[in-house]
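Here's the structure we're looking at; comments come further down.
Rule-based calculations on the coordinates, nothing more; no lab input. From a predicted model like this one, the values you see are computed outputs, not experimental measurements. All Cβ positions, glycine included, derive from the backbone under ideal geometry; neighbour counts span all protein chains shown.
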Amino acid sequence: MIEAHDIRHTVSSYFARAHLQNGLRLGLDEQALLEFAALSPSLLQQQGSRLAPRQLARLLIKIMTEADDEFLGLASEPCRFGVFPLLCEHLIHTRTLGEAIYETRRFYGLITRAIRFEIEESHTEVRVSLRLDKPELDPEHVLIELLLLIWHRFPSWLIGQVIPLTRVQLAYPAPQHAEEYRLLFPTQREFNQPHNTLVWPKHVMELPVHRNMEQLKRYLAQIPLQWFRKQRFADFQTERVMQLLEQSSSPHQTTLEDIAEQLHMTSRTLRRKLTAEGSRFQQMKDDLRRDQAIYWLSQDSASIAEAGEKVGYTETASFIRAFKSWTGMSPGQYQKGLRDRK
């Protein structure tokens, strides 16, 4: 069955291309990987194309299980598939987030030398760093991106609320897909840093873990999809603005002033807060229109003109130009890629 796109969130096809290339490096069958993830080769070839999170999740789980390596063959030694669930079963019995994080460091220290899970606390913040003992084995930073994502999102699930990141530091230059990091890590992002580090307020380490085994079973049944789904970050202005745009009957006509009024602040203050979080209002509107356009184009019953109307374009030619600027391809080329997949 072909999964419909999530109307509210898509992911860059860059990630699928990077993981597919790595799967081929491991000697896995390309056709089997593409079929399992319901991915079209022609769609992947388009640099600006977008995918549903479920497609990326299925590609990743196929590579992990086929290679029997949760580190995707990108570390100095493999981590057999099933180690992460084993760790999770232990962490749900910890009392606080802090205890869970320190137990994670102890766990990885016992089972592998391939990665180092380091924790540094100050009076106000906690720094969780992930180091590969041979970073040259992960030249595209595919593994380190994934590990940072997991060790923000899974601890957030443990405590039942999103851990507010202060900043994320990356030990490499900004990649070409750096714009996607705004969705992966909704906070200040700093490149060319000494280590790959998640930074969050110290007080959250005292928050309680309140998950049970039944909840964990449901969570594990959905990984890695849980890692790629859009999380709600209610403490960030970016997320509040995006929620209001999504709820609007005509988001393309909604202005910054409209949103600021709903948030009981001036447009100048809202713009300043968005800038501090690395966001721009117009870019957010464009991202929402792009993802909604991708959703409608994926529906068999929708024509290009109808998809354009759904996202606020009265002229099909204007919609085609906008879609091409968002994705690097025309709506017709995008639909062709979907038909090839089917």
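Magnitude of the Cβ-charge dipole of the chain, K/R +1 and D/E -1, about the Cα centre, nearest 20 debye? If you can, show how the numbers build up before the last one.
Numbers: 43 positive and 42 negative charges, 79 e Å.
Computed charge dipole of the chain: roughly 380 debye.
Please list 320-331, 263-274 highest first by mean number of surrounding beta-carbon atoms within 10 Å per residue.
Values: 320-331: 17.8, 263-274: 14.7.
Result, highest mean first: 320-331, 263-274.
If you stretched the chain out fully between residue 255 and residue 99, how much longer would it get, using 0.36 nm times the residue separation minus the C-alpha to C-alpha distance?
Result: 51.7 nm gained on full extension.
Could you calculate the contour length gain from residue 243 to residue 212, that is, 0.36 nm times the residue separation minus the distance between their Cα atoms, to one decimal place in nm?
Numbers: separation 31, 0.36 × 31 = 11.16 nm, distance 2.97 nm.
Length gained between residue 243 and residue 212: 8.2 nm.
Could you work out [θ]222 nm for the chain from helices alone, using -39500 (n - 2.57) per DSSP H run of at least four and dividing by all its residues? Round to the nearest 500 deg cm²/dmol. Write out the running numbers ahead of the final one.
Working: 17 runs with 174 residues, N = 342.
Calculated mean residue ellipticity at 222 nm is -15000 deg cm²/dmol.
With a simple spin-label model that places each label point 7 Å from the Cα along the Cα-to-Cβ direction, the separation between residue 299 and residue 47 comes to 3.2 nm.
Highest mean first, the peptides 24-33, 149-158 sorted by other C-beta atoms within 10 Å per residue fall in the order 149-158, 24-33. Set the Förster radius R0 to 35 Å, insert the Cβ-Cβ distance between residue 183 and residue 111 as r into 1/(1 + (r/R0)^6), and round the FRET efficiency to 0.05. The pair residue 183/residue 111 has a calculated efficiency of 0.70.
Overall, region 11-77 carries a charge dipole of about 440 debye about its Cα centre when +1 sits on the Cβ of Lys and Arg and -1 on the Cβ of Asp and Glu, all other atoms neutral. Applying 1/(1 + (r/R0)^6) with R0 = 51 Å to the Cβ-Cβ distance of residue 280 and residue 28 gives a FRET efficiency near 0.85. Mind sorting out which of (1) 18.5; (2) 20.0; (3) 17.7 is the real mean projected area of the Cα convex hull in nm² computed from the coordinates? It is the one labelled (3).
The slack between residue 92 and residue 202, meaning 0.36 nm per residue of separation minus the straight C-alpha distance, is 37.6 nm.
Projected label points at residue 125 and residue 17, each 7 Å from Cα along the beta carbon direction, are separated by 3.3 nanometres.
Can you tell me the relative contact order of the chain? Whole percent, Cα pairs under 8 Å, sequence separation 6 or more.
20 percent
Which entries of 62/217; 217/310; 202/285 show an alpha-carbon separation above 29 angstrom in the structure shown? Walk me through the numbers on the way to the answer.
Working: 62/217 19 Å; 217/310 38 Å; 202/285 33 Å.
Pairs exceeding 29 Å: 217/310; 202/285.
For region 111-243, the Cβ-based charge dipole about the Cα centre amounts to some 440 debye (Lys, Arg positive; Asp, Glu negative; other atoms uncharged). The average projected area of region 11-77, computed from the convex hull of its Cα atoms over all directions, is 4.1 nm². As a proxy for reagent exposure, 213, 284, 242 were ordered by neighbouring Cβ count within 10 angstrom, fewest first; the result is 213, 284, 242.
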